[in-house]
1. From the set of residues in the range 53-68 that are of a type outside the set (S, T, N, Q) and more than 16 Å from the chain's Cα centre (by Cα), which is farthest from residue 42 (Cα to Cα)?
2. How many residues are within 16 Å of residue 81 (Cβ to Cβ) and crowded, with 17+ Cβ neighbours inside 10 Å when one looks only at the range 11-23?
3. If we scan the range 10-31, do we find a residue that is within 24 Å of residue 131 (Cα to Cα), in a strand (DSSP E or B) and touching a strand residue (DSSP E or B) at 6+ places or on another chain (Cβ under 7 Å)?
4. Working only within the range 101-120, note down all residues that are surrounded by fewer than 18 Cβ atoms within 10 Å (Cβ to Cβ) and either more than 23 Å from residue 38 (Cβ to Cβ) or in contact with a His (Cβ under 9 Å, 6 or more places away or on another chain) (or both).
5. Taking the range 32-52 as the search range and keeping residues that are within 15 Å of the chain's Cα centre (by Cα), in a loop (DSSP other than H, G, I, E, B) and modelled with pLDDT of 95 or more, which one is surrounded by the fewest Cβ atoms within 10 Å (Cβ to Cβ)?
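The values are calculated or read from the model by the stated rules, or taken from the named source; none is laboratory data. Because the structure is a prediction, the values reported are computed rather than measured. All Cβ positions, even for glycine, are placed from backbone atoms using ideal geometry, and neighbour counts span all protein chains on display.
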Amino acid sequence: MKNKVYLSVGSNLGDRQANLTQAIELLKQNPAIQVEKVSPIYQTQPVGGVVQDNFLNLAIRLQTSLSAHDLLDAIHKIEQDLRRKRLVHWGPRTIDLDILYFNHETYHDQALTIPHPEIGNRRFVLIPLLDVLDDPALITQTNQALQTTPDKNWVEILH
């Protein structure tokens with residue numbers, strides 16, 4: 001387990017809390033993944049102009065022996081297992097798992113962009129992320145992004 005990864009997880013269809021819990025459990029069942037810390041759950045306003053229900057969001061810090069692309073395959077399988085349908089861009093979904101950071105590495109290819117390009121534009125990502133970060137540079141960067149983000153949507157802690 002040498003790769004440190006931060007994920008953002010969200011749900012706004014069905015039993016949102018159960019979807020988040022199941023996603024975490026499926027991550028934990030993968031022997032190549034060790035979930036280190038999970039943020040509290042936040043209820044958040046949807047982004048992107050599509051009329052839809054509020055989201056529940058959280059962030060996860062994990063370690064993995066998987067490569068970034070293999071981790072992407074693993075989280076896509078979790079999304080598939082939890083019946084995610086990709087019908088509308090920024091639309092409703094049972095579950096959404098995004099890789100925010102993979103070590104301090106940068107990826108930009110057809111399958112993967114890391115760091116995730118929308119981090120700084122999403123309060124629903126930044127706020128839970130601060131709960132799980134343990135990297136001083138990323139903590140500073142995330143706090144700065146929270147001060148300057150154009151996103152004004154509400155984010156409130158659920159529990």
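1. Residue satisfying both the conditions and the ranking: 66.
2. Of the residues in the range 11-23, 6 are within 16 Å of residue 81 (Cβ to Cβ) and crowded, with 17+ Cβ neighbours inside 10 Å.
3. yes
4. 106, 107, 108, 109, 110, 111, 112, 113, 117
5. Within the range 32-52, the match that is surrounded by the fewest Cβ atoms within 10 Å (Cβ to Cβ) is 40.
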